[in-house]
Each structure stands twice: as structure tokens, then as C-alpha cells.
Amino acid sequence: MNLSLEKAVTAQEKEKETKATTQKTAEPTQKNVPANNRTTTREGRLPAGVTTEARAIALTPEETVAVQAEETNRLAREAEIAADEARAAIIRRTFGSSLFANSKFDLTQAINIATPNNYVLGPGDELEVVVYGFSQNIQKARINADGYVVLEKSGVVSVANLDMDTATEKIKAALSKTYAGIKTGNTFVRVSLTGFRTIKVKVTGEVVAPGTYTLTSFSNLMAALHVSGGPNDIGTYRDIVLIRGNREIAHFDIYEFIVKGYASGDRLLQDQDVVQVGPFISRVAVSGFTKRTGLFEVKPGEKLSDLLKFAGGFNQYAYSDIVKIYRNTSSERRIVNVNKPDFPNENVYMGDSLVVEKVLDRIENVVTITGAVFRPGEYSLDSNPTLTKLVTSAAGLKEESLQGRININRTNNDLSISNISVNYNDILEGRAEDLKLKRLDEVIVPSIYELTEQSVIRIQGAINHEDAKEGIELPYVKDMTVQDVIVRVGGLTEAASLSRIEIVRRKRNIDPKQSDAQIAEIIQFNMRPDLSLVDSRESIYLLPFDEIIVRTSPNYEKQTLVKISGEVMFPGPYGLEYKDERISRLIERAGGLTDLAYMNGATLLRKTLLSERQRKKREETLTNLNIGNKIKTTEGLDVTTAPLTTTTTTTEGEVADSYINEDIPIDLKKILANPNDITYDLILQDGDEIVIPKRLETVRIEGEILYPTTVKYNSGKSFLDYISASGGFTKKSAKGSAYVRYPNGNVDRTRKFMFMRFHPKVEPGSEIVIPPKTETTTEQFNKLSGTITTISATLGTIVTIIGLIRLTK
């Protein structure tokens, strides 16, 4: 393949990858694989020969063979990876594999320990020989390749293939020729291993990584298995063979090591030992509610009880009386139920699948007691076979219990529910037999409080409580007095009228035939500040459902505040001194107007309380008038379109009240010229605000005009002059509906007489508004009729042309 063709093929492959990535990103849930595509194992991937939007590039036969070979290799690699993943999953499920998954296993953990007595010496080991007593000497000797050590002045001693005890005696005999005190007992010899050798061990068979490994002379079978990765997916854990000198000298059972903590076959390894791991003997699956689940290897002759021991036994939720075994036969599968007594005798076979189910979520001996007892709940039927014993176990009945009517809901054999009523007093006094309970019985002990309406006392009015306006309910207590209720709710407010306290008492014997029958008893009384009654009575005892009303004193009035802002000498808040205080007096108290005050623009801002019904009706009206397009919430009304509405909301999300901020136009010139004149001078209310602007010198023009703008006021200009200053009217301008909004809130519209229009006067600070035209029903009908006429004429012309064409043919 030449260089240019390689670049073309590379560009084609990059383009394919880019398009495939883009398509996968845009449509992640739609991976369409052709039905005849059987050459890939991953969903959504197309082979090299199947393309969607690839450029046509001619390949030589050699290039085609190379591409197909690459695709074959890729599929082979993917298949190999999938097989490795499947084998790894089997290994992870097999009991005992976790021993070899621990990467922290230390091969040198047995180096710094005392030399075992069964340790066999060999070439490479280093010995330290200490002579002490009457004679003293220390020498080190390494075992050479022939198995000998050379001792100073004592010659050569063969110690290869000897354990430490035998080698020590042999070295001691050699030294006794040099040190006579060894035989007489005043000189002693001590031999220890100070340097260990390395050994070569072969691990073969069904392990993850078979091969030859270099280990220390202290390594055992477990160390050899760990370095080789442990048994693979078909390797045995129960019969690992140690071969030395072409003879089997030990059989190692990993399960014995896991269950008991030791194993008799775990021997120390020697140089050239062979560890043989064969295929597993028989493997069984365990699932369900055992402490361990997975695959377990069993030996011939082992029983179901042995398998459960390997699985750690049952957990706390297991149903242990019966286990299920799904077993393979020569033609199909069958299920075997094994009872608990048969566990030690039941054989298990290769391919068996043991399932341990969960105990039922029900109680076999439960009875329940609820209601007026001190300890309601579930109890054992075995310990409480009768009603009296169950009541005793529940710590007895409460004082308010209705002992003459205890109900028992009993579940019958057909799962229907029947009711049994019992007089518990008769059982206690021996007039009736004690009731024997059954499984699932539910004993209900009623309370006398559940059979009567909860009695309350209600108080409202001038009391020190946040819910005084809506009223407060207190549980009724016998011999409760008015003073007790007032104290419990926090006492009376300063505005309370002590001479007008009322109790409204319910009548319980009304004659329904009398139209003028008394429906309530009203009790009025006077009270002193110390809550004592003025008359001779010490107190008034309340009855259930009495309602106490504490009225506000008519002589009490809270401070009311108003505000004045703008061009006055002393702006700010002011308290009203008189109920009928008017605007003129407030301006007088504020020091009068400044020289820059514009009296024609003075406005009175007042908050008016709306009920919930009025607020909703107002919002519906504004919406119908297309004013709502400027309104996002009830707190966001455009003050240029409609007065501001403020809604107060409680913590529970309920609307408590709604206020509307209104701009009330006032004629400040006439008010100041005629103080206290009821025609112009308004009485102020709490929360009012008087705004007196600075002298205004501009006029605002907006609406359906060519160029909405603000221009300087000129007393010599008329209404139309200001319209001309903003570019003039548009085609959509409703000239006859134009109006002027003055700074004080007044509005004046354009009037028409005959064919003449009389426009309103323009003052400083005014705003000229030109609304758009609105089509009437007649105009809309005329426009539709015109459209239909035009379409009909067009269709007629087309038909005529077609007819003429046919005639000419």
C-alpha cells in the first residue's frame, strides 16, 4: 500500500469514528444493529464491512485481506476478554478465593521466627555455632553445595537433609573432639539458623499463573498457592498435592484451613518441590439466607450438613426447617425438599443448587391489645392465654377505661373478622368465665374520653395572645372560672373594657316549636384590673363550650400616624392629634410649603383594605380589561395602570388581608385657601401619605405615537403641539380616546362635539396617553367579508383562465 492510499484509508477511519461518536451522542437510546450482523459481540458496534455514510474508496485485494484480518483479530480479542471476565466471575463466587485476592500477603512473614524443629537444612543455609561454658567460641558456617559445613579445628560435618535437632547433635559430636568439656558437661553447644536459603518450587495444574517460583526455605503450601494466584475457575480447593522426589507426600485442603484455622497438609516446602492443583471434585451453588453464598466444592461422601458448615450456617432470617435442592438428572432438573433432621444424611452432588428461603413475615403466637391500657402492643399467646393475663401483662387498665365494654376482634379460619364483647367487671367478680384468646386476637379497651365530645372553652377579644382575633380554645376543666381562663391566655390588653365582658353559654333545652326561643344565655359582668368581679360574686364558674368575649374600650384609641413628604419645611411622619384632623392642619404642622412646591401635583396616597372576595374580583376585572399584561403578581401592579395591591400572607401560606394603594387627587390650592372645608379638605386616616412634588417642567407623551418622548413644558403650547413634538399620530392611534393624566392623579379625556374635538389642558408634569384603536365587531365582520370576496374573485379568475386554455386546445 502506497503512502497516499494509507492517508486516504486513515482519513476514512477517522471520519467513521467521528460520525459514530456523533450519532451515539445524539441518539444514546437508539443503537440499531443490522439483523444479519453476527460478527460483533458488543451492542451498537458495526464491523468494518458495514458502514452507513462512508466515502467509497477502492481497496486492493491485499488491503481488503489486511482489514478483514484486523477485524478478525479484534473480535478474537473481545471474545478472549469476555471469557476472562466470565472466569474471573466464577473465581470470585467460589468459596476460598478471597484468600488469594489479598494483595497484602507477605511472603517473608515467617523469616523472623524461631527455627521450627522440623526444618530441614540444605545447601545455602547459614548456621551460627556458639560454644559457651568452660570454653567459649562463636563461629558461623554456611552449608556448601555438597551439604557440608566446615568447623574450625573440628573438620567437615555433613548436615544436609537433617532437621535442626539431628544436625545439632552431629555438630556437637564433632566439636567434642576439640572441646573436652562438652563430654564432661562444663562446656555447652548451641546451634541456630541465622541465614536461610532460597528454593525453587513448581506450581502446576489449574492455577491462575502456573510456573516455577523462587521462595524462601520457610515457605509453605499456602505461600506457593498465593504467588501463583490460587486455583483458577476449574481448580480444586480440596485436594492440592505436594510432590517431592516423584512421590506424593501431602494433600492440602484449603476448606479445612478456612473452617478450622489449620490444616494437616500445609507442609514447609523444599527445593524442587512440585505443587499440583487438579480440577475441582464436585461444585455446589448455595444461595439465599446463609452467612456465605456462592460456589462450594464438596468431596465424595460429604453431606448437606457439611455444606452448610462451609456456608457458615443459617443467618438470622433463614427458614431452617426445610431447604430446597435443585438437582440435575440425566434429562431434566428436579427439586428436592430436605427436612432439618435429614441434613446429616443427605448427599450432595455435582451441579446441585441449594436454596435457603426466608422465614415468613408473620408471628405464629401473637395477640394484640390496644386502647386504655398502660402498655399496649403485641404479646405472646403462649404466655397470655386468657384475657385477664393479657391485661395483667399490659400493666393493667387505665382509670378512664370502659371496663363494661371490651371488644375482641377475632380472625376466623376463613379470614373473616368477628367481634366479641366482654364485660370485664363480670370476669373480675366471677360472674363470667375468663375469655380464652386465640392467635391474631385484637383486644380493644375503649376510653370514656373517646365516647364523649371534647369539651372546650373559647375566649377572644382584647387579650394578650397572638390569636386573640380568631379566638383561643382551651380544654374544659371542671370548676374552671373566668379568671382562670384569662390568666392562662396571658391576661387582658390595655385596651380591654373591664365593664363589657360577656359569656355566651349554650342552651341545651331549646323548644324547637317556638320561633322566638332563647338559643343562648348571655352573662355580662364587670371586672377590676386585679381580675376580681365588681359585684358580690367571687367568680363565675364556666360550663363546657362557654365563649368569653372581651371587648375593646370605646375610650381607648391607639396612636395613628400619617406621613408627609416632598416640598414642605419639615417632612416626615406625624401623629394625628384629633380624629377629624385634615390635610390643611397637617401641612400647617409641617411648617407650610417651600417655594419650589408644585401644589397642582400634590397627591394623597391611601391604603384601602380589601376582603379576599374583593381582591379576587378586582384581579379578574383587571385581567378582563387587558391590564393584567403588566401584572406579574398582586404586589406588582403598574401604578400607571392600576392602583397597587399589597397582599399580607400568614406563615401557613393563607392570605390574611389585602391592601390597595390608591392615589386620591386633591386640590391643594383650594384646601389651603379654604381650611377645614369638607368639600376639598379630607380627613386623614392611619397610614395616609401626602406627597408634594417639586415644581415640574416637563410633559410626557406615550402610547400610539411615532416617537414617545418627554419634552419641556411650555404654557403657550396646546395638546396637539405636544403630539407634533413626539412625531404625530400613527395609523393605529385612537385620537378620540386620548387623555391626559395630571401629576395629582386626575385624568381628563378628549371630548367630541359634532365634528369638533376638544382636547384636555396640558399642565406641567402631565402625561399625554394615546391609546391604540380597538376593532368593533362590525369592523371585524367587514374585514372578514372583504377577505372572502377577494378570495372568491381570485378563484373565479383562475377558473376562467383554465376554461380559455381548454377552448384553445
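The values are calculated or read from the model by the stated rules, or taken from the named source; none is laboratory data. Every value quoted in this text rests on a predicted model; they were computed, and no experiment measured them. All Cβ positions, glycine included, derive from the backbone under ideal geometry; neighbour counts span all protein chains shown. These accessible areas exclude ligands, DNA and RNA; they are computed on the full protein's heavy atoms, side chains included. Shrake-Rupley method; radii C 1.70, N 1.55, O 1.52, S 1.80 Å.
The figures follow:
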quantity	calculated
Cα gyration tensor shape of region 210-344, rounded if a/c is under 1.5, else prolate or oblate by comparing a/b with b/c	prolate
Label-point gap, in nm, between Asn412 and Asp721 - each point 7 angstrom along Cα→Cβ	10.3 nm
Average accessible area per residue (Å²) across region 493-533 - probe 1.4 Å, nucleic acids and ligands excluded	70 Å²
Of the DSSP H helices in the chain, those whose Cα atoms cover at least 15 Å axially and whose Kyte score averages 0.5 or more	777-808
Accessible surface of Glu378 - all protein chains present, 1.4 Å probe, nearest 10 Å²	130 Å²
Solvent-accessible area per residue, Å², over region 548-606 with all protein chains present [probe radius 1.4 Å]	56 Å²
Net charge contributed by nearby residues that have their C-beta within less than 14 Å of Asp441 (K/R +1, D/E -1)	0
4 °C / 1.567 mPa s Stokes-Einstein diffusion coefficient of region 707-770, Kirkwood radius on C-alpha pairs, µm²/s	105 µm²/s
Percent carbon-and-sulfur accessible area, the chain, ignoring ligands, DNA and RNA, probe 1.4 Å	52 percent
Proximal charge balance of Thr710 [Cβ under 11 Å; K/R count +1, D/E count -1]	-1
Eligible lysines near Lys260 by straight Cα distance, threshold 23 Å, same-chain separation 8 or greater	Lys104, Lys291, Lys299, Lys303, Lys309
Mean separation of Cα contacts under 8 Å, 6 or more apart, over the residue count of region 690-809: relative contact order %	26 percent
Among the listed pairs Lys670/Lys694; Lys735/Lys761; Lys732/Lys783; Lys694/Lys732; Lys607/Lys717; Lys617/Lys669, those beyond 25 Å (Cα-Cα)	Lys694/Lys732; Lys607/Lys717; Lys617/Lys669
Listed residues Tyr713, Thr621, Tyr476: farthest to the positive end of the dipole of the chain (Cβ charges)	Tyr713
Size of electric dipole in the chain: Cβ of Lys, Arg +1 and of Asp, Glu -1, about Cα centre, debye, nearest 20	2300 debye
Column: log10 I(q)/I(0), Debye, Cα scatterers of region 365-504, q = 0.14, 0.15, 0.22 Å⁻¹	-0.70, -0.75, -1.29
Sum of -39500 (n - 2.57) over DSSP H runs of 4+, divided by residues of the chain (222 nm, nearest 500)	-7000 deg cm²/dmol
Dipole of the chain, positive end: most advanced residue of Leu193, Thr808, Leu498 [Cβ charges, Cα centre]	Thr808
Modelled label reach - Ser447, point 7 Å along Cα→Cβ, region 398-415 residues with backbone N closer than 18 Å	398-407
Mean Cβ count within 10 Å, highest first, over the residues of peptides 755-767, 233-245	233-245, 755-767
Net charge, Val286 excluded, C-beta distance under 11 Å - Lys, Arg +1, Asp, Glu -1	+3
Solvent exposure ordering (accessible area, 1.4 Å, most first) of Tyr179, Tyr680	Tyr680, Tyr179
Mean Cβ neighbour count within 10 Å, used as a protection proxy, ranking 738-744, 707-713 highest first	738-744, 707-713
Mean Cα-pair separation over length for the chain, i.e. relative contact order, pairs under 8 Å, 6 or more apart, %	5 percent
Euclidean distance of C-alpha centroids, region 697-719 and region 527-600, integer Å	45 Å
Total charge dipole magnitude, region 215-366, about the Cα centre, Cβ charges on Lys, Arg, Asp, Glu only, Debye to nearest 20	180 debye
Directionally averaged projected area (convex hull, Cα atoms, region 663-760), nm²	8.9 nm²
Highest to lowest packing among 77-87, 412-422, scored as the average C-beta count within 10 Å	77-87, 412-422
The chain: mean projected area of Cα convex hull, nm²	96.9 nm²
Of Thr204, Tyr148, Ala395, farthest towards positive along the dipole that unit charges on Lys, Arg, Asp, Glu beta carbons give the chain	Thr204
Over region 130-211, relative contact order from alpha-carbon pairs under 8 Å, at least 6 apart, %	26 percent
Share of pairwise Cα separations in region 113-247, more than 23 Å, in percent	46 percent
Solvent-accessible area per residue for region 159-241 (1.4 angstrom probe, square angstrom)	41 Å²
